[in-house]
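> Got a structure for you, written out below as structure tokens; questions coming shortly.
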Amino acid sequence: MTQRTKKAPPLRIAVLGSGSGSNCQSLIDAIAAGTLNAEITGIFSDVEGAPILDRARRHGIPCRYLSGSPFKTKIDGEAETRYLAALEACGAEVIVLAGFMRIVKHRLLSAYAGRIVNIHPSLLPAFPGVKSWEQALRYGTKLAGCTVHFVDEGTDTGPIIIQRAVPVLDDDTPETLHARIQVDEHIAYPEALRLIADGRITIRDHRVLLPTPPTVPPHPAAH
Ligand code: GRF
């Protein structure tokens, strides 16, 4: 990736997603609003007919279903070759995982070392893995939230770029809590990409250091 500054050409992003694509939409909207210096050059889904692909078509963004087989929960072997070819063809500098329900393995990770980001619906390192909002309810935490992080070989273990806390209410169901977390995800993801696009991130000893604080205010519940 070229040295990034605020005046750099738009950051070329590819998005991988398996579902609704609301986080992808938050990036599309931030780019359209001129608050994120990026261009989405490809949207790929391992689920044929996933709504994220409809969003891409509506916005005229190149998109494709890319099978993840022969595996169910990871991108490996032939699937990895397919994904690598598609990502290279769209000239992606950064890969954004937005509700992508598969683990990214070594070849992709090393081809895009330090350039794959993910959003996770908890305040990591709490509740890695699936349905973190249900894990938070079961545990009884008073705060839930979301984390944008770089992807490394572990599961939800890479350096954290930004986190936002969200209150857990007494009458929350898994659905209401996840919906509240998603409101903050849609603020956190564009902000994290903005930090990358503007070249404001350095990583030291697994810590993402920011020369200036993020521009979005924390959730009021965090105070
Ligand atoms: C989000 O909650 C994200 O944190 C998790 O998967 C969900 C994707 O939602 N990784 P969407 O497809 O972006 O609406």
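> Do we have Ala144 as assigned to a strand (DSSP E or B), in contact with a helix residue (DSSP H, G or I) (Cβ under 7 Å, 6 or more places away or on another chain) and either of a type in the set (D, E, K, R) or surrounded by fewer than 21 Cβ atoms within 10 Å (Cβ to Cβ) (or both) here?
On the way: assigned to a strand (DSSP E or B): yes; in contact with a helix residue (DSSP H, G or I) (Cβ under 7 Å, 6 or more places away or on another chain): yes; either of a type in the set (D, E, K, R) or surrounded by fewer than 21 Cβ atoms within 10 Å (Cβ to Cβ) (or both): no.
Answer is no for this residue.
> Can we say Ala14 is within 13 Å of the chain's Cα centre (by Cα) and within 16 Å of the ligand (Cβ to nearest atom)? First the steps, then the outcome.
Numbers: within 13 Å of the chain's Cα centre (by Cα): yes; within 16 Å of the ligand (Cβ to nearest atom): yes.
Taking the combined requirement at face value, the residue satisfies it.
> Let me ask something else. What are the pairs, 6+ residues apart or on separate chains, where a residue within segment 140-153 that is at pLDDT 95 or above has its Cβ under 8 Å from a residue that is of a type in the set (Lys, Arg) and open to solvent by 40 Å² or more (accessible area, probe 1.4 Å)?
Pairs found: Ala144/Arg180.
> Could you check segment 44-53 and list, in sequence order, the residues that are open to solvent by 10 Å² or more (accessible area, probe 1.4 Å) and within 12 Å of the ligand (Cβ to nearest atom)?
Val47, Pro51
> Somewhere in segment 55-71, is a residue of a type outside the set (Gly, Ala, Ser), within 25 Å of Ile181 (Cα to Cα), within 18 Å of the chain's Cα centre (by Cα) and buried (at least 20 other Cβ atoms within 10 Å of the Cβ)?
Within segment 55-71, one or more residues are of a type outside the set (Gly, Ala, Ser), within 25 Å of Ile181 (Cα to Cα), within 18 Å of the chain's Cα centre (by Cα) and buried (at least 20 other Cβ atoms within 10 Å of the Cβ).
> Would you say Ser18 is among the hydroxyl-bearing types (Ser, Thr, Tyr) and touching a helix residue (DSSP H, G or I) at 6+ places or on another chain (Cβ under 6 Å)?
Working: among the hydroxyl-bearing types (Ser, Thr, Tyr): yes; touching a helix residue (DSSP H, G or I) at 6+ places or on another chain (Cβ under 6 Å): no.
Answer is no for this residue.
> So, in segment 61-81, of the ones that are within 24 Å of Leu11 (Cβ to Cβ) and free of Cβ contacts under 8 Å to residues at least 24 places away in the same chain, which residue ends up nearest to the ligand (Cβ to nearest atom)? Before the answer, list the steps.
First, pick out the residues of segment 61-81 that are within 24 Å of Leu11 (Cβ to Cβ): 61-64, 66, 75, 80.
Retained after the next criterion (residues that are free of Cβ contacts under 8 Å to residues at least 24 places away in the same chain): 63-64, 66.
Numbers: Cys63: 14, Arg64: 17, Leu66: 16 Å.
For segment 61-81, the residue satisfying everything is Cys63.
> Look at Gly34 and say whether it is farther than 24 Å from Ile181 by Cβ, part of a loop (DSSP other than H, G, I, E, B), within 15 Å of the ligand (Cβ to nearest atom) and open to solvent by 10 Å² or more (accessible area, probe 1.4 Å). Steps first, please.
On the way: farther than 24 Å from Ile181 by Cβ: yes; part of a loop (DSSP other than H, G, I, E, B): yes; within 15 Å of the ligand (Cβ to nearest atom): no; open to solvent by 10 Å² or more (accessible area, probe 1.4 Å): yes.
Answer is no for this residue.
The values are calculated or read from the model by the stated rules, or taken from the named source; none is laboratory data. A quick note: this is a predicted structure, and the numbers were derived from the prediction, not measured. Backbone-built Cβ (ideal geometry, glycine too); neighbour counts: all protein chains shown. Just the protein is used for accessible areas: all its heavy atoms, side chains included, with ligands, DNA and RNA removed. Shrake-Rupley method; radii C 1.70, N 1.55, O 1.52, S 1.80 Å.
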